[in-house]
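The values are calculated or read from the model by the stated rules, or taken from the named source; none is laboratory data. Fair warning: this is a prediction, and the values are worked out from it, not measured in the lab. Using ideal geometry, Cβ is built from the backbone for each residue, glycine included, and neighbour counts are taken over all protein chains shown. The area values use the complete protein model at the heavy-atom level, side chains included, leaving out ligands, DNA and RNA. Shrake-Rupley method; radii C 1.70, N 1.55, O 1.52, S 1.80 Å.
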Amino acid sequence: MDTFDAIVLGAGGAGLMAAGVAGQRGRRVVVLDHADAPGKKILISGGGRCNFTNLHTAPDRYLSTNPHFAKSALGRYTARDFLDMVERHGIAWHEKTLGQLFCDGSARAIVDMLLGECELGGVTIRLGQPLGEIGHADGRFTVRHGDRTYDAPSLVIATGGPSIPKLGATGIAYDIARRFGLKVVEPRPALVPLTLPGDEALFRALSGVATPVVARAGKAAFAEAALFTHRGLSGPAILQASSYWRHGDPVSIDFRPGAAPGWLAAGKRARPRATLAQALDLPSRLSDALAERVGIGELGAATDRALADAERKLSDWRFHPNGTEGFAKAEVTVGGIATDALSSKTLAARTVPGLYAIGEAVDVTGWLGGYNFQWAWASGWAAAQAL
């Protein structure tokens, strides 16, 4: 049996972060994963350039049953802290829109950085074997990994959620949590395309068309691009809204965000022969489809009241999705290990001394744009301070 101070389950962003920091604090740490390589989700993120954090990180950009839970970790390990590490390793980066930071080169640089931090901490990493039986007795945890057994007083659940199963993602974190009596908030796909039913076939026929919109689901609203697909709706605005969407609820789209009230009536007076499709100033296929649904041709032929009704519809167009594209296409998971079972400062289980849960495994889900990686770094760092 191999004895360590801490066993970290999962060689993703959160697990590697926790292991590297704890190792450099003098702890003997082993990381175990069934995958044959570390950081697979990091490597595909951001189109292969890894959107590794967001300058605008704040607790209100995270979903959780307890909206205050993430405050402590995010406040103590910030986007600037992670950026300091990136710069210390000489990784070139750039800011895109909305505070999103990306590598100039490959996302591989972030994985190599985390592995380098683990090496500095003397961390042992074991990959490519299935996780077997997990035991707990006399204040110590044992984990079977392949044909070897590891023993430690601390166990960190960092196996993520079930999103993107083609990378080997599973719901094992929830199984482990339940094994130790921790509750799990029902997981569901997040940052995921939405599917439309047959009566919205007209819009599914617009596959490939994208345009800036404001998308709303529940009380959340996002001003970014929406993309029509052969199955429904996608694009950044829709992915963001999907985290807040629930089955049976509509998604509202404002196709002319920022337009002044009465813009169609004003357009009629300026160009009475113009059609609604021309006045919309959207991609032509989308303009034609919307005008057909609204039932207005030339503006001059419509009453001001009809144009006002059209404005209201175009600014609050209700789609009724019949589902999502599921965990296979979801970037992250909403739900997970319940936060009321964990310390917000250390991510330690309140009822099982030595047990921790971090990253996507926990019921904390960020917006699109680097927020989920920042939670991985912050929660991993916070747990490492207590190991």
Within region 289-298, of all residues that are of a type outside the set (Gly, Ala, Ser) and either assigned to a helix (DSSP H, G or I) or open to solvent by less than 40 Å² (accessible area, probe 1.4 Å) (or both), the one farthest from residue 246 (Cα to Cα) is 296
Check your understanding: With respect to residue 206, is the statement that it is part of a loop (DSSP other than H, G, I, E, B) and in contact (Cβ under 8 Å) with a residue 60 or more places away in the chain true?
Key -> yes
Going through region 87-102 in order, the residues found to be part of a helix (DSSP H, G or I) and out of contact with any strand residue (DSSP E or B) (no Cβ under 6 Å at 6 or more places or on another chain) are 87, 88, 97, 98
If we keep only residues of region 310-341 that are of a type in the set (Gly, Ala, Ser) and outside any loop (DSSP other than H, G, I, E, B), then the residue nearest to residue 232 (Cα to Cα) is 323
If we keep only residues of region 103-157 that are part of a loop (DSSP other than H, G, I, E, B) and of a type in the set (D, E, K, R), then the residue nearest to the chain's Cα centre (by Cα) is 104
Would you confirm whether or not region 338-356 contains a residue that is touching a Gly at 6+ places or on another chain (Cβ under 7 Å) and buried (at least 22 other Cβ atoms within 10 Å of the Cβ)? no
- Item | Test for residue 178: is it outside any loop (DSSP other than H, G, I, E, B), surrounded by fewer than 19 Cβ atoms within 10 Å (Cβ to Cβ) and in contact with a Gly (Cβ under 6 Å, 6 or more places away or on another chain) | no
Subset of region 246-260, residues assigned to a loop (DSSP other than H, G, I, E, B) and open to solvent by 10 Å² or more (accessible area, probe 1.4 Å), comes to 246, 247, 248, 249, 250, 256, 257, 258, 259, 260
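One line per residue, one yes/no per condition, for (1) open to solvent by 10 Å² or more (accessible area, probe 1.4 Å); (2) under 28 Å from residue 11 (Cβ atoms); (3) under 13 Å from the mean Cα position of the chain (by Cα):
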residue	(1), (2), (3)
300	yes, no, no
312	yes, no, no
333	no, yes, yes
372	yes, yes, yes
Scanning region 59-76 for residues that are touching a strand residue (DSSP E or B) at 6+ places or on another chain (Cβ under 7 Å) and aliphatic (A, V, I, L, M), the one most open to solvent (accessible area, probe 1.4 Å) turns out to be 63
Going through region 261-283 in order, the residues found to be open to solvent by 60 Å² or more (accessible area, probe 1.4 Å) and either closer than 24 Å to residue 237 by Cα or in a helix (DSSP H, G or I) (or both) are 261, 269, 270, 278, 281
Out of (1) farther than 19 Å from residue 13 by Cα; (2) over 16 Å from the mean Cα position of the chain (by Cα), the one residue 58 does not meet is (2)
Open item on the list: Residues that are closer than 24 Å to residue 325 by Cβ, aromatic (Phe, Trp, Tyr) and not in a loop (DSSP other than H, G, I, E, B): does region 214-225 have at least one?
Closed with: yes
Being buried (at least 19 other Cβ atoms within 10 Å of the Cβ), in contact with a strand residue (DSSP E or B) (Cβ under 9 Å, 6 or more places away or on another chain) and outside any loop (DSSP other than H, G, I, E, B) narrows 307, 286, 368 down to just 286
From the option list 68, 56, single residue qualifying as in contact (Cβ under 8 Å) with a residue 60 or more places away in the chain and under 20 Å from residue 359 (Cα atoms) is 68
